[in-house]
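Just so it is clear, none of the values below were taken in a lab; they were calculated from the coordinates. Bear in mind the structure is a predicted one, so any value in this text is a computation, not a measurement. FYI the Cβ positions are ideal-geometry reconstructions off the backbone, even for glycines, and counts take in every protein chain you see.
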Amino acid sequence: MKTFAQSLGLAALATLVRSTSQIVLESGQAGPEQQHQSSKPAEAEFDPSSLLLTSLHAHLKSWYSPFAPNGFAVVPATIPTGTIMYHVRGAGPAPSSGLDWFALDAEHSYLFGRSNGSIMWHFASTRPLRVLYFDGASAAKTAGPIDVQEVVAYNRTLNGTGKGGGWSDFVRYGDLCEWAKQYDIDGFVREESTFEYVQCDFSSPAIKMVRGTQIGVTTFNTTGDGGRGPPGPPLRGLYKINELLGDEDDEPPSGPPPGGPPGGPGMPGPPGGGDRRKGPGGPGRGDGNIYRSQTGWLYQRATSRHHYLPDIRVRTHPEYLVSLYDTSYTSLRPTFPLPRGDHALLNLSDVDSLAFRKELHDVLLAWNSNSPVSGVDWHGVTAAAIDRYSDHLDELRLLFALSDSRDNITSVVDEARLISFGALQPYVSGPEVLSTYPSPPTPHQRFKALSSTADICTNGFTGHLDSELMTPQELRIKNALESVLRRVCDLTAGILGESLFLIDSQPAKLKDEEALKEKIHGWEAKLKDLMQWLGWPKWVACERKCEADEICYLPAPLTNPKPTFDPQCIKRDRFGAGPGGW
């Protein structure tokens, strides 16, 4: 990828000095920084660097999966010793053998307590559990979110047919657990709204039962609505409970699920409770139980705790992250430019599928043998970069969006200068770029300094690291981060340089409002392209800070072919409210 200086070339500087008024004022012409901003590497639209980096940043965060429900990665992870996990089923003993499910949040497990005899079993890990984490909305039982799981299990995606459809979780995870034995994997972690853990063998000494709590409640219904009162207005586009649990809106699948008893998070309804839609009222629906009516609200409240902060009860190991967001998987290159909700593995070739499984095989052998790794905290590095630059880019977006309504358009240029400086602050040489006394730097001095600034910024988080100590997966992350930062740093260095040039060298031109608007609109267009390529979900948020009795709720878009992301602050009484609510 070209550096800042290579993209511009020193010839551009001569153009800058010869014809500054033309550069600034003529529509469609670009100054050197603009030339740089529009310079893109070949096949830039297929560069999956931001997809890989965002996927890593999204690990175990619930806000991210609605934007990218179809996972593209598998990563080894550890559940620490002493972690409490929850399993609800009907009356009877705790599960003690075979495959079954845990919820990591009790509120998630409580959803499955349909019958009055339901018991919530609390288990704990007795040693670190070795697990694999599937990214995306991987507990959704539909083609797309389960694609990677099927590739691991069957070397190809089944597109919702055969083993991939109906009540297939026991079949699919039975096959995955059988495959996992060779690597001493205890189970699998995936996301519904909060996170759940598939324990391959409940008889394993790696887990122990701590306690059981009977959670069934019998109440006397005097109001017919469980004491809730009238429902709030409908929530457009929200999942109902049955949709969150993975069923369709029409008839339930015929016959019982194969492979073992139903129950647990993400599974068909519990023993004694009937099917999850037609059990005793369903969670919070018409059975007069005001406590059960809270399940939807409490479940989403638990989900909101993991919106932006990862669930640290699972520790993923990105030094072994196996991701399909890599141009070496040539059959998927046409997929990368599509909206993230359309990313799927139907076009994954046999060659690429085998390569993916081979990489996963090699990674698990390396993990098992404690092969050397760099020790870099890739979660921390990635979060530091994304959290830092996302704020500056979003501030620029807002500034440009409101620029036409400003009485003083010159102030937009001035603020763009300050915001872009903020993005580059640790890397900008004050004497060479910013100083004005006794005189500002020459265009040549500033150009050279900003070239260096952009290069240092690109490598600001990784340039000091020893690549020889890294696994191939770490090198992939490092290269992706530098590719992302190259674009961010180049754009902000370009805006900083051009705004400084206008302010320092052409004060008279700042009075030409139409020319300035053209300039600002050009910056805005390039910023929009960059932010669309980055696609960081943290830019979508509720318009205000939700109150203590609210959560910021983002409807999951899996059943909507053209989802709109419009999060809302929602109160308790909007959940479990009968028709139109939960």
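Brief remarks follow.
- Dividing the Cα radius of gyration of segment 354-485 by 2.2 N^0.38 Å, with N the residue count, gives 1.46.
- Distant-in-sequence amide contacts of residue 216, defined by a placed amide H-H separation under 5 Å and a gap of 5 or more residues or a different chain, comprise 118.
- Share of pairwise Cα separations in segment 451-507, more than 16 Å, in percent: 52 percent
- With viscosity 1.567 mPa s and temperature 4 °C, the Kirkwood radius over alpha carbon pairs of segment 518-559 converts through Stokes-Einstein to a diffusion coefficient of 98 µm²/s.
- With a Förster radius of 30 Å applied to the C-beta separation of residue 383 and residue 437, the computed FRET efficiency comes to 0.20.
- Two-decimal ratio, segment 337-392, of alpha-carbon radius of gyration to 2.2 N^0.38 Å: 1.65
- Using distinct alpha-carbon pairs, which all enter the 1/r mean, Kirkwood radius of segment 401-560 in Å: 18.5 Å
- Inter-label distance, residue 182 to residue 214: 4.8 nm, where each label sits 7 Å from its Cα along the C-beta direction.
- For segment 311-353, the pair-distance distribution built from all alpha carbon pairs, in bins 10 Å wide starting at 0, is 24, 41, 27, 8 percent.
- Stretched out straight at 0.36 nm per residue, the stretch from residue 425 to residue 350 would grow longer than its current Cα-Cα span by 22.3 nm.
- At 0.890 mPa s and 25 °C, Stokes D of segment 323-418 from Kirkwood alpha-carbon radius, µm² per second: 136 µm²/s
- Every pair of different Cα atoms in segment 167-213 enters the Kirkwood calculation, which places the hydrodynamic radius at 12.1 Å.
- Inter-centroid distance (Cα atoms) of segment 60-131 relative to segment 396-449, Å: 51 Å
- For residue 539 and residue 97, the FRET efficiency from 1/(1 + (r/R0)^6), where r spans their Cβ atoms and R0 equals 60 Å, is about 0.80.
- Converting phi to 3J(HN,Hα) with the Karplus coefficients 6.51, -1.76 and 1.60 and the offset θ = phi - 60°, segment 70-84 yields 8, x, 10, 8, 10, 9, x, 8, 10, 9, x, 4, x, 6, 7 Hz in sequence order, with x at every glycine or proline.
- Computing FRET efficiency as 1/(1 + (r/R0)^6) for residue 365 and residue 124, where r is the C-beta to C-beta distance and R0 is 25 Å, gives about 0.30.
- √(5λ) per eigenvalue of the Cα gyration tensor, segment 96-177, largest first, Å: 26, 17, 12
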